[in-house]
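The block underneath contains the structure these notes are about, expressed in structure tokens.
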Amino acid sequence: MTINTLERTKTQPRLDYSKVAPATLQAMLAISDTVHQSGLERSLLHLVTTRASQVNGCAFCLDMHIREAKAAGETDARLNLLVAWREVDVYSERERAALRWTERLTRLADNHVADEDFSAAREEFSETELANLTLAIVVINGWNRFNVGFKVPPGFGG
């Protein structure tokens, strides 16, 4: 099934939170706007949101963020290899640090964040950037929980 086919399906989410709790949606959008205005590179944010969405199995977010990343010039190779980012050399040290930080914060139940994880991120990001990167990870994990929990299908509402 192609994305175009997915976009045409009539599948409905378990709950349309945008309709039943519009203030919740507005709050999430406001936090997302803060992330987008933080000064972090858009390309980095695309990788972070896509990787967290892969970890969380969020089809809605993967569909959206991969399309956005490609529209912004991200390559198929880098998007396809994102799941195996440790095994390839197509990501910069800064991107690798962000991906490591993303996975650690997304998988808190599996492993606590070790000092070496923080140190690796701190080597590539200023304190302000690291705070903003952490907010980006918090936000995408929040979106993933809404969309996975309510089974929002790819292309819904758009």
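Taking each DSSP H run with n ≥ 4 as -39500 (n - 2.57) and averaging over every residue of the chain yields -20500 deg cm²/dmol at 222 nm.
Could you give the alpha-carbon Rg of segment 70-158 over 2.2 N^0.38 Å, rounded to two decimals? Spell out each step's value before the answer.
On the way: Rg = 14.7 Å, N = 89, 2.2 N^0.38 = 12.1 Å.
Expressed relative to 2.2 N^0.38 Å, the Cα Rg reads 1.21.
Axis of helix 22-36 versus longest Cα principal axis of the chain: the two differ by about 30°, to the nearest ten degrees. The HN-Hα couplings worked out from phi for segment 69-75 by the Karplus form 6.51 cos²θ - 1.76 cosθ + 1.60 (θ = phi - 60°) are 4, 5, 5, 8, x, 5, 8 Hz, whole numbers, x standing for Gly and Pro.
First compute the accessible area of segment 1-139 with a 1.4 Å probe, then give the percent of it belonging to carbon and sulfur atoms. Carbon-and-sulfur percentage of accessible area, whole number: 53.
Dipole of the chain computed with +1 at Lys/Arg Cβ and -1 at Asp/Glu Cβ about the Cα centre; of 26, 77, 125, farthest Cα towards the positive end is 26.
Ranking request for peptides 136-143, 89-96: highest mean number of other beta-carbon atoms within 10 Å first, then the rest in descending order. Walk me through the numbers before you get to the answer.
Details: 136-143: 21.2, 89-96: 14.0.
Per-residue mean Cβ counts within 10 Å order the peptides as 136-143, 89-96.
Spin-label model, residue 148 to residue 72: label points 7 Å out along the Cα-to-beta-carbon direction sit 2.2 nm apart. With a cut-off of 17 Å on the backbone N, the residues of segment 134-158 near the modelled label site 7 Å out from residue 108 along Cα-Cβ are 134-146. Computed from Cα positions, the angle between helix 127-149 and the longest principal axis of the chain comes to roughly 30 degrees. In the chain, a dipole from Cβ-located charges (positive for Lys and Arg, negative for Asp and Glu) runs towards its positive end, and of 137, 40, 60 it is 60 whose Cα lies farthest in that direction. Charge dipole of the chain (Cα centre as origin; +1 on each Lys and Arg Cβ, -1 on each Asp and Glu Cβ, all else neutral): 840 debye, rounded to the nearest 20.
Projecting the Cα atoms of 17, 111, 148 onto the charge dipole of the chain (Cβ charges, centred on the Cα centre) puts 17 farthest toward the positive pole.
For residue 151, the amide hydrogen comes within under 5 Å of the amide hydrogens of 14, counting only partners 5 or more places away or on other chains and with H modelled in the peptide plane.
The values are calculated or read from the model by the stated rules, or taken from the named source; none is laboratory data. If you're wondering where the values come from, they're calculated on a predicted model, not measured in any experiment. Neighbour counts are summed over all protein chains in view; Cβ atoms, including those assigned to glycine, are modelled from backbone coordinates with ideal geometry. These area figures cover heavy atoms from the full protein model, side chains too; ligands, DNA and RNA do not enter into them. Shrake-Rupley method; radii C 1.70, N 1.55, O 1.52, S 1.80 Å.
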